[in-house]
Amino acid sequence: MSPCFRAKARPAQLCWIVTKFDDKISIFSPGLFYGGISVADIQADNYRSSLRNKLVAEGFYLTGSIEKYGSGFIRIRKALRDYPEIEFEIKEFAGGVMVTFAQRKGVKSLLAQSQPESQPESQPESLRERVLIALADGEMAKKDISAKLGQKKVSGQLNKTMRNLMFEAMIEPTIPDKPNSRLQKYRLTQAGQSQLVEHVRRMGR
């Protein structure tokens, strides 16, 4: 994954988006793996690195911005052997690749020990984006979304944000005919996935 590149179809600059929760850090990079490499290849260390732009890669290498070519994921997994409490996940999502470092269940959040509880409801726009990013992992109940955002309980601002997202068809309930069901969960729509990609583009401008 390159930190920043220009898509052939759209000239707007695209860059990484890094999102931090109490129990995980997710990194989204627009664009799939280069050279026909699949997620399965990455996970099995069965791939050979290809350079998207050799001149740019050489420049990064000579300035010390990168250490080695094509061995990043291998070195990440090797380093994580010393941190068994951390899970490492790679997946393709919304036309890009998302990498997640998450603490295993039952392990107290190291982030929560080092900083006070976040209050995302004080910034509605940020909360909107964080809800979409939280749902990038799949269907979730509202209370689970709230927990991932660092809230002790579902806040009024979160309820309002999710209502707006549903009205805009960015997210949808899994049981639409029973909105108050205790089994109700929410998921991203195609429009919601596109919104995430657009958010990344805006960050790169």
Going residue by residue through the stretch 165-184, is there one that turns out to be outside the structural domain of residue 21 (by TED's automatic domain parsing), part of a helix (DSSP H, G or I) and not hydrophobic (A, V, I, L, M, F, W, C)? no
Tell me which residues, restricted to the stretch 62-87, are touching a strand residue (DSSP E or B) at 6+ places or on another chain (Cβ under 7 Å) and closer than 17 Å to residue 46 by Cβ. 76, 77
What are the residue pairs meeting all of these: first residue in the stretch 93-105, first residue of a type in the set (A, V, I, L, M, F, W, C), second residue in a loop (DSSP other than H, G, I, E, B), Cβ atoms under 7 Å, and 6 or more apart or on different chains? 97/1; 97/32; 97/33; 102/23
Kindly list the number of the only condition in (1) in a helix (DSSP H, G or I); (2) in contact (Cβ under 8 Å) with a residue 24 or more places away in the chain that fails for residue 55. (2)
Filter the stretch 31-51 for residues that are under 12 Å from residue 97 (Cα atoms), modelled with pLDDT of 80 or more and not in a loop (DSSP other than H, G, I, E, B); the one that is nearest to the chain's Cα centre (by Cα) is 39
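The values are calculated or read from the model by the stated rules, or taken from the named source; none is laboratory data. Not measured: the values here are computed from a predicted model. When we count neighbours, we look across all protein chains shown, and the Cβ atoms used for this are built from the backbone with ideal geometry, even at glycine.
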